[in-house]
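Chemist: Quick one: structure below, then a few questions.
The values are calculated or read from the model by the stated rules, or taken from the named source; none is laboratory data. All values reported here derive from a predicted model rather than from experimental measurement. Note that each Cβ is placed from the backbone with ideal geometry, even for glycine, and that neighbours are counted across all protein chains shown. Note: areas computed on protein heavy atoms with side chains; ligands, DNA, RNA excluded. Shrake-Rupley method; radii C 1.70, N 1.55, O 1.52, S 1.80 Å.
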Amino acid sequence: MTEVHKGHRKRLRERATAEGLDSFNPHQIMELLLFEALPRQDVSERAHALIERFGTVQGVLSASVEELASVPGIGKRTAEWLASIGELTEAYSRIEMEDRLTVKGLRSAIRFAMSEAEKVSFPSVWQLTTTRTGVAASFKRLSDSAEWYRPEVLKVAMSDILASHGGCVLIIVFDRQMDTEHLTEQAQAYASTLSLMNVELLDILITVGNGITSIRRTEGFEPRGNSRLTEGYLREPDDEAQN
């Protein structure tokens, strides 16, 4: 391997450490993986060939040993190594998904809010984004006040939804006291905005002292959307709920 190639490997690794992989092209990510399998060879052409053949990094890591070995420059040992990385990645993803919070309805949403009330500062507003099946994708603080509906707060909220690829949203307000006037109107306005992004607002939970109020249950808020989570949200047993 030439000194130029050595320098390329060092530069790419240093960039990955400094910037992460978000700015990397698929073939550059594939190069990083191939560096470990082929420590003394130029891997650029092989990386391009793999992405061209399978389309994405995920496509490469999901391919069989036989499919990988059919790519020019990829021998059986390298193919087996890439396939093993794919298997490990898939296994890790399953474990991570199993460990994530899952919101099945109002009862589990309230249970989560109560557990977080012991950790967060008052007042504050947080947004939980989930998949359409209720698996948590992000839990982000939006504001250090209870005024969750301010434009600058909603801008942060929508940025978080886009970043986490959320399909459903739960707003949780932690405060010592809370004026719920106009709350349903504000929630409906936010739900309308989210619907333009194909995202559903599940509920807004108001945590005051030891009590939690669901505006969907008590204030007549009607969500927009027909996901299974949204439709079944109030039907989950909620005998632990407090108002």
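Chemist: Can you tell me which residue within the stretch 218-235, out of those that are of a type outside the set (Ser, Thr, Tyr) and buried (at least 17 other Cβ atoms within 10 Å of the Cβ), is nearest to residue 134 (Cα to Cα)?
Modeler: Restricting to residues being of a type outside the set (Ser, Thr, Tyr) and buried (at least 17 other Cβ atoms within 10 Å of the Cβ), the top hit is 229.
Chemist: Can you say whether residue 162 is modelled with pLDDT of 90 or more and over 15 Å from residue 211 (Cα atoms), as far as the supplied structure shows?
Modeler: No: the conditions fail for residue 162.
Chemist: Scanning for something farther than 26 Å from residue 164 by Cβ and not hydrophobic (A, V, I, L, M, F, W, C), does the stretch 51-63 turn up at least one residue?
Modeler: Scanning the stretch 51-63, I find at least one residue that is farther than 26 Å from residue 164 by Cβ and not hydrophobic (A, V, I, L, M, F, W, C), so the answer is yes.
Chemist: Further, regarding this structure: Hey, among the residues in the stretch 165-212 that are in a loop (DSSP other than H, G, I, E, B) and among the acidic types (Asp, Glu), which one's modelled with the highest pLDDT?
Modeler: Checking each candidate, the answer is 181.
Chemist: I would also like to ask the following. What are the pairs with Cβ atoms under 6 angstrom where one residue, in the stretch 152-178, is touching a residue at least 60 places away in the same chain (Cβ under 8 Å) and the other, located anywhere, is of a type in the set (Asp, Glu) and crowded, with 17+ Cβ neighbours inside 10 Å? Sequence gap at least six, or different chains.
Modeler: Pairs found: 168/200; 170/203.
Chemist: In addition: Sort out which residues of the stretch 105-125 are closer than 14 Å to residue 170 by Cβ and open to solvent by 50 Å² or more (accessible area, probe 1.4 Å), and write them in order of number.
Modeler: 107, 111, 114
Chemist: Just checking: which of the helices (runs of 4 or more DSSP H) contained wholly in the stretch 35-98 hold 2 or more residues that are modelled with pLDDT of 90 or more?
Modeler: Answer list for the stretch 35-98: 44-54, 65-69.
Chemist: Still on this model: How many of the residues in the stretch 126-151 are over 9 Å from the mean Cα position of the chain (by Cα), crowded, with 19+ Cβ neighbours inside 10 Å and either within 20 Å of residue 229 (Cα to Cα) or free of Cβ contacts under 8 Å to residues at least 12 places away in the same chain (or both)?
Modeler: Selection size over the stretch 126-151: 4.
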